[in-house]
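What follows is one structure encoded as structure tokens, with my remarks underneath.
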Amino acid sequence: MTDIYRGFSYEWPGPTPEQKLDDFTMCFLDTKIAVQIDPSSFSGAELQDRVVFVPFNEPEANMFGDGTWSYNKISWGSNPTDYFRTWDQAFALIQSKMPKA
């Protein structure tokens, strides 16, 4: 799902870790993911029963790793707090639009 975010998953906009997470929450979740999970995007209930959403993949190799494109240089493997927080936000949004997803 996150591949539609420009520069994502390796380049989050914002000069500080806090601003990068704020951009994700305000801009990405509320617009880009919300559009992807809009039930009207899927024709028929049978298709909705087969949709699988993957909000993030490969967190160690992107913004939640400790490499060049990490948003705070802390690996999610050693401190998963921010990874799980953003996962939970994305999951809650998905569930609010498509409870059976």
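Per-residue SASA remark: ASP22, around 80 Å² accessible (1.4 Å probe; ligands, DNA and RNA not included). Solvent exposure of ASP23, expressed as accessible area, is near 30 Å², computed with a probe of 1.4 Å over the protein chains only.
How far, in nm, would the chain grow between THR25 and GLU46 when pulled straight, counting 0.36 nm per residue and subtracting the alpha carbon separation? Don't skip to the end; give the middle numbers.
Values: separation 21, 0.36 × 21 = 7.56 nm, distance 3.04 nm.
Roughly 4.5 nm would be gained on extension.
Using heavy atoms of the protein chains and a probe of 1.4 Å, the accessible area assigned to ARG85 is about 110 Å².
Accessible-area rank, largest first, for LEU47, LEU93: LEU47, LEU93, with all protein chains present and a 1.4 angstrom probe. Put a dot 7 Å past the Cα of SER75, heading toward its Cβ, do the same for PHE91, and the two dots end up 2.3 nm apart. The simple Förster model, with R0 at 25 Å and r as the Cβ-Cβ distance, assigns LYS100 and ASP38 a FRET efficiency of 0.95.
Residue-wise HN-Hα couplings along segment 84-89, as the Karplus relation 6.51 cos²θ - 1.76 cosθ + 1.60 with θ = phi - 60° gives them from phi, are 5, 5, 5, 4, 4, 5 Hz; Gly and Pro carry x.
Taking 19 Å as the straight-line reach from the Cα of LYS97, the lysines in range (excluding those fewer than 8 positions away in the same chain) are LYS32.
The values are calculated or read from the model by the stated rules, or taken from the named source; none is laboratory data. The model shown is predicted, which means the values in this text are computed figures rather than measured ones. Every residue, glycine as well, gets a Cβ built from its backbone with ideal geometry; the counts of neighbours run over all protein chains shown. Note: accessible area is taken over every heavy atom of the protein model, side chains too, but ligands, DNA and RNA are not part of it. Shrake-Rupley method; radii C 1.70, N 1.55, O 1.52, S 1.80 Å.
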